[in-house]
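Here is the structure we will look at.
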Amino acid sequence: MCALYAPSMHDDRLIAMALDALEELAKQCDAGPQPKTKMLAAVLAYLHSRAGGERWPFDSFWKTIADPKDIGRTQNVNASMNGIYNQLGRKRSDLSARKESPGNS
């Protein structure tokens, strides 16, 4: 993340919502290939704009969600998610803590 950029509470909530959407899609990848939609492209573009770092995890997520090979898809989507969290300066375990907090849905 750029040293001069400090996300506002609004940005932080939008980032959390976008990560939740990716987590949901990543879970659906366990059942089979998923379509590459304009909504997904927008979520990935937004998160990359907030990360300000390398692009590879976002590109990798986009490419691998439609992989017909179950094992390759699941592993690559998981690695991409970890990279996206890393680019945003977050830990992936932050997601479960956020969902377990009272008042979050």
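Kindly list, by first and then second residue, each pair from a residue in region 41-54 that is without any contact (Cβ under 8 Å) to a residue 60 or more places away in the chain to a residue that is of a type in the set (Val, Ile, Thr), limited to pairs with Cβ atoms under 9 Å and residues at least 6 apart or on different chains.
Leu44/Ile84; Tyr46/Ile15; Leu47/Ile15; Leu47/Ile84; His48/Ile84; Arg50/Ile15; Ala51/Ile84
Tally time: how many residues in region 36-54 are open to solvent by 30 Å² or more (accessible area, probe 1.4 Å) and within 20 Å of Asp12 (Cα to Cα)?
Let us first name the residues in region 36-54 that are open to solvent by 30 Å² or more (accessible area, probe 1.4 Å), namely 36-39, 41-43, 45-46, 48-50, 52-54.
With the extra rule that they be within 20 Å of Asp12 (Cα to Cα), the set shrinks to 39, 41-43, 45-46, 48-50, 52-54.
Number satisfying all stated conditions: 12.
Filter region 61-74 down to the residues that are open to solvent by less than 60 Å² (accessible area, probe 1.4 Å) and either farther than 21 Å from Ile15 by Cβ or touching a Gly at 6+ places or on another chain (Cβ under 7 Å) (or both) and list them by number. Explain how you work it out, then say what you get.
Kept after step one, since they are open to solvent by less than 60 Å² (accessible area, probe 1.4 Å), are these residues of region 61-74: 61, 64-67, 72-74.
Once the filter is applied, which keeps residues that are open to solvent by less than 60 Å² (accessible area, probe 1.4 Å) and either farther than 21 Å from Ile15 by Cβ or touching a Gly at 6+ places or on another chain (Cβ under 7 Å) (or both), region 61-74 yields Thr64, Ala66, Asp67, Gly72, Arg73, Thr74.
Can you say whether Lys27 is within 13 Å of the chain's Cα centre (by Cα) and either of a type in the set (S, T, N, Q) or open to solvent by 10 Å² or more (accessible area, probe 1.4 Å) (or both), as far as the supplied structure shows? So that I can check it myself, show each step before the final result.
Details: within 13 Å of the chain's Cα centre (by Cα): yes; either of a type in the set (S, T, N, Q) or open to solvent by 10 Å² or more (accessible area, probe 1.4 Å) (or both): yes.
Answer is yes for this residue.
The values are calculated or read from the model by the stated rules, or taken from the named source; none is laboratory data. Just so it is clear, the structure is predicted and the values come from calculations on it, not from any experiment. Cβ coordinates were reconstructed from backbone atoms using ideal geometry, including for glycine residues, and neighbour counts include every protein chain displayed. The protein model used for the area step is the full one, side chains on, heavy atoms only, and it has no ligands, DNA or RNA in it. Shrake-Rupley method; radii C 1.70, N 1.55, O 1.52, S 1.80 Å.
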